[in-house]
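**Q** I have a structure I would like to understand better, so I am pasting it below and will then ask my questions one at a time.
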Amino acid sequence: MILYVAPIIEGITERVCIEPLLQRIWGDLLGRTERLQVVERVRARRDQLVQRDGKILIETIEQAVLNLRSKAKGRADAVSFVLVLIDAEKGGCPAILGPQMLSIAKSVVPPDVSVACVVAKRMFENWIVAGATALGGVNGLPSSLPTSADYEAFDGAGWLNERLRSVNSARKYKKTTDAEIFIRCMNLADCRANSPSFDKLCRELAARIPGPPEDSTPAERPSDEAAT
């Protein structure tokens with residue numbers, strides 16, 4: 001069995017990080033041994049994806065399905081999955097926005113393709129912060145990092161920028177380079193416990209293939225094993 005995932009994203013952080021993040025969740029956190037293949041990402045602006053008429057969302061889903069068809073063609077063991085991932089941003093509510101988008105998405109995906117909409121609260125970087133218990137001293141961060149009662153209540157990118165500048169005043173958080181390093185080192189189990197929106201992503205991924213993994217594996221593996 002191969003799980004083919006076609007991500008629909010809206011930011012440069014997600015473009016760089018979505019594949020290593022999904023691979024880590026799949027293997028390290030969920031302990032799956034089946035192959036996961038992330039196909040070409042489809043990117044659109046957030047303000048377009050959340051429009052109530054659903055025009056751009058529908059167009060991106062149709063493109064994502066085409067990407068899945070191209071990669072999974074002829075594979076009898078293929079499971080196809082469209083993942084819509086956007087930021088809630090300030091004041092946004094994943095519990096409202098997610099179902100609204102999912103209703104539109106379900107109206108256009110073919111029967112053999114599943115779809116989920118995950119809204120990161122407040123932004124993708126908040127997931128990094130929620131798993132930062134393993135990031136002390138990593139990539140310019142201070143060795144000791146503060147904890148929070150609510151990891152989804154503030155600007156995650158701003159938090160990372162502030163921590164980096166506390167060590168080096170000239171240092172700035174760079175989405176195109178820093179995020180992937182943090183994603184590969186963050187504590188996934190702590191992130192899931194600290195962030196309900198990240199837990200939503202994990203549950204949606206796990207739901208694509210119900211049941212235990214094909215082989216017994218540890219819940220956390222020491223390194224990434226990205227599928228090619």
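What follows draws every value from the coordinates through simple rules; no lab data is involved. On a predicted model such as this, the values are computed, not experimentally measured, just so you know. Positions of Cβ are generated from backbone atoms using ideal geometry, with glycine treated the same way; all protein chains shown enter the neighbour counts.
**Q** From the backbone phi of the stretch 98-112, what are the Karplus-calculated ³J(HN,Hα) couplings (6.51 cos²θ - 1.76 cosθ + 1.60, θ = phi - 60°) in whole Hz, Gly and Pro given as x?
**A** Those phi angles translate into x, x, 4, 5, 5, 4, 5, 4, 5, 6, 10, 6, x, x, 8 Hz.
**Q** Filter Lys90/Lys172; Lys121/Lys175; Lys90/Lys121 down to the pairs with a C-alpha to C-alpha distance above 19 Å, please.
**A** Exceeds cut-off: Lys90/Lys172.
**Q** Sticking with this structure for a sec: Compute the Cα gyration tensor for the stretch 50-89, then decide on rounded, prolate or oblate, letting a ≥ b ≥ c be the square roots of its eigenvalues: rounded whenever a/c is under 1.5, prolate when a/b is larger than b/c in the other cases, and oblate in all that remain.
**A** prolate
**Q** Can I ask one more? In nm, what is the difference between 0.36 nm times the number of residues separating Met1 and Cys93 and their Cα-Cα distance?
**A** 29.6 nm
**Q** Might you report the magnitude of the Cβ-based charge dipole of the stretch 1-108 about its Cα centre, with Lys and Arg at +1 and Asp and Glu at -1, to the nearest 20 debye?
**A** Dipole about the Cα centre, nearest 20: 200 debye.
**Q** Moving on. Between Asp47 and Arg184, what is the FRET efficiency for a Förster distance of 25 Å, r being their Cβ-Cβ separation, to the nearest 0.05?
**A** 0.25
**Q** Could you check the spin-label model distance between Arg165 and Ser144? Points 7 Å from the Cα along Cα→Cβ, value in nm.
**A** 2.2
**Q** What does the extension gain come out to for Ile56 and Asp155, with contour length at 0.36 nm per residue minus their alpha carbon separation?
**A** 33.0 nm
**Q** I would also like to ask the following. Work out the length of the dipole vector of the chain about its Cα centre, built from +1 on the beta-carbon of each Lys and Arg and -1 on the beta-carbon of each Asp and Glu, and round it to the nearest 20 debye.
**A** The calculation lands at about 440 debye.
**Q** Are there trypsin sites (Lys or Arg not before Pro) in the stretch 47-102 that DSSP puts in a loop and that have at most 16 other Cβ atoms within 10 Å, and which ones?
**A** Here the trypsin sites (Lys or Arg not before Pro) that fit, given the DSSP loop and packing criteria, are Arg52, Lys73, Arg75, Lys90.
**Q** Fewest Cβ neighbours within 10 Å first, please rank Ile209, Ile2, Ile9 accordingly.
**A** The most exposed by this proxy come first: Ile2, Ile209, Ile9.
**Q** Between the stretch 144-187 and the stretch 46-117, how far is it from one alpha carbon centroid to the other, in angstrom?
**A** If we compute the Cα centre of each part, the gap is 29 Å.
**Q** Now for a separate question. Please give the contour-minus-distance gain from Thr33 to Arg203: 0.36 nm per residue of separation, less the Cα-Cα distance, rounded to one decimal in nm.
**A** Result for the pair: 59.5 nm of gain on full extension.
**Q** Within the stretch 27-129, which GluC sites (Glu not before Pro) sit in a loop by DSSP and count at most 14 neighbouring Cβ atoms inside 10 Å?
**A** When the GluC sites (Glu not before Pro) of the stretch 27-129 are filtered for loop state and at most 14 Cβ neighbours within 10 Å, Glu40 remain.
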